[in-house]
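Data first, discussion second: the structure below is written as structure tokens.
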Amino acid sequence: MDFTLTDREREWVERGKALAKEFAPRAAVWDEESRYPTENHERLQELGLLGIALPTEFGGGGASLTECYLLVEEISKACANTALLVHDQNVSGRILATHGGPAHRETLERLAKGEIEVTIAMTEPEAGSALYEMTTNVRRDGDEWVINGGKTYNSFGDRAAAHLVYARFADTTGPDAIGMILVEADRPGVSFTMMPRKMGMHGVEEVNLRFDNVRVPAENVVIEGIEGSSAGFVRPLDIYNATRVGMGVMALGIAQGAMDYAIEHLRTRRQFGRFLGEFQGLQWMLADCAIQIEGARLLCYRALAEVDAGRTSAYHSACAKVAATEGAFKVVDDCLQLLGGAGYFSGAPLERMMRDVRMFKITGGTTQILKNTIGKALIGSLR
Ligand SMILES: Cc1cc2nc3c(=O)[nH]c(=O)nc-3n(C[C@H](O)[C@H](O)[C@H](O)COP(=O)(O)OP(=O)(O)OC[C@H]3O[C@@H](n4cnc5c(N)ncnc54)[C@H](O)[C@@H]3O)c2cc1C
């Protein structure tokens, strides 16, 4: 067992650190003004980093998921909104690169260059955790497919050029015949409404999507849902298992950023004639934060190593995501406490981090649903 990063992985960490330094001063701006970090997008695009984990044959960077997430983790320490855009575009791209066909090549190449965004449209108002209950449907009509239905909580949906839409390819229930189809945002019948302002992560917007008799060419199908088979739903889940670790990694980055900030405070603020960092009670709080972070990081890196070795594990991905997101929330809360009043006011990084980190316990599979996954893996089949 070797816990050291490779030279290449260390290089990604260093690049991430440099970018985090660059992005830190304006992280509060995207939050306060609820503004997409366009300048950061452009910078990442200029550096060719928006498709870093996509295959080189499509113009991507050819980095492993571990390398990509090391970069994402570092950026999250300073600006989680920017980290999320790197993360999400690489996820959409990896789905298209793995499951798409020649007709998706142009979309993928533009995505890899950071010219466009492609969202994942999975959740529906009546099908959240119970994704199998989705009703959005696709029907064949000659050389075209016709899509009807609606999606919700669609991140980046206000900016996207296309959506990877999960839908039913037949009149079925459960996972049967669910598949995925690429729907360009400018097709007649595609519309969206903005969702209300959320608690944190203000640099990214979510939308409700509508598809009313939207026609797309047959080759837009990414994975066809086949009656009598759940393969269309299950196959890309492999990528989700892999990438939900990304949610953990971003939470981890925020937690590390919060701890770094708190350490600086403990080293400089004096009370009762001593530096706060001299009080053992506070050192112990800090030690508990470090233990949470170190443990979650090992779980995340282990899960990522399995992905890169082609052995994605639902169990290890779920363990990593739950440990990292739950642990990160606790760490950020404790770090805010270490700052006292200075942590609680708008404009203080800790106040923003507290709101940002909360999202990761919900997106990409909630803690409870992932614990169901872990529990089922442990108990096994009882019938
Ligand atoms: C900011 C944000 C961005 C998002 N971005 C996207 C996106 O880009 N694309 C997309 O498709 N989706 C997206 N989502 C949706 C996200 O994946 C869902 O919110 C999540 O899967 C939970 O679904 P729900 O909100 O409907 O909660 P519900 O399913 O209604 O669950 C409510 C609560 O009940 C618990 N629960 C439900 N069922 C069970 C059970 N069987 N056992 C135990 N507990 C249970 C849940 O854990 C949760 O605590 C986003 C969500 C948020 C908040």
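Structure notes:
- Long pairs among 321/361; 21/77; 321/376; 330/361; 151/321, criterion Cα-Cα beyond 18 Å: 151/321
- Distance in nm between pseudo-label sites at residue 105 and residue 271 (7 Å out along the Cβ direction from Cα): 6.4 nm
- Sequence-separation-based contact order of the stretch 130-269, relative, with Cα cut under 8 Å and 6+ spacing, percent: 26 percent
- For a modelled paramagnetic label at residue 346, 7 Å from Cα along Cα-to-Cβ, no residue of the stretch 196-236 is in reach, as no backbone nitrogen comes under 12 Å.
- Per-pair calculated FRET efficiency, R0 = 22 Å: residue 260 and residue 22 via Cβ, rounded to 0.05: 0.85
- Build a GNM of the chain with springs between Cα atoms under 10 Å apart, and of 234, 204, 332 the one that fluctuates most is 234.
- Full extension of the chain between residue 309 and residue 218 yields a length gain of 29.4 nm, computed as 0.36 nm times the residue separation minus the alpha carbon distance.
- Ellipticity estimate at 222 nm from DSSP helix runs (n ≥ 4, -39,500 (n - 2.57)) divided over the chain, nearest 500: -17000 deg cm²/dmol
- The stretch 177-248 and the stretch 99-134 have Cα centres lying 4 Å from one another.
- For the pair residue 298 and residue 144, a Förster radius of 45 Å applied to the C-beta separation gives a FRET efficiency near 0.35, rounded to the nearest 0.05.
- Dipole magnitude (debye, nearest 20) for the stretch 29-152, charges at Cβ of Lys, Arg, Asp, Glu: 280 debye
- Choice from 98, 66, 82 with maximal GNM fluctuation in the chain (Cα, 10 Å cutoff): 98
- Value of relative contact order over the stretch 106-160, rounded to a whole percent, pairs C-alpha under 8 Å and six or more apart: 38 percent
- Taking 89, 256, 280 as the candidate residues, the one with maximal mean-square fluctuation in a Gaussian network model of the chain, Cα springs under 10 Å, is 280.
- 10 °C / 1.306 mPa s Stokes-Einstein diffusion coefficient of the chain, Kirkwood radius on C-alpha pairs, µm²/s: 74 µm²/s
- Rounded to the nearest 0.05, the FRET efficiency derived from the C-beta distance between residue 372 and residue 234 at R0 = 22 Å is 0.85.
- Cα-derived Rg over Rh, computed across the stretch 294-383 with Rh taken as Kirkwood radius: 1.10
- When Rg and the Kirkwood radius Rh are both evaluated on Cα atoms of the stretch 94-189, their ratio Rg/Rh stands at 0.96.
- Alpha-carbon Debye profile of the stretch 133-270, log10 I(q)/I(0) at 0.15 Å⁻¹: -0.82
- Dipole magnitude of the chain about its Cα centre (Cβ charges: Lys, Arg +1; Asp, Glu -1), debye to nearest 20: 1000 debye
- Label point distance in nm, residue 39-residue 227, each placed 7 Å from Cα along Cα→Cβ: 5.7 nm
Where a number appears in this text, it was derived from the coordinates with a stated rule and is not lab data. The structure presented is a predicted model; accordingly, all values stated were derived computationally and were not measured. In this analysis, Cβ positions are derived from the backbone assuming ideal geometry, glycine residues included, and neighbour counts consider all displayed protein chains.
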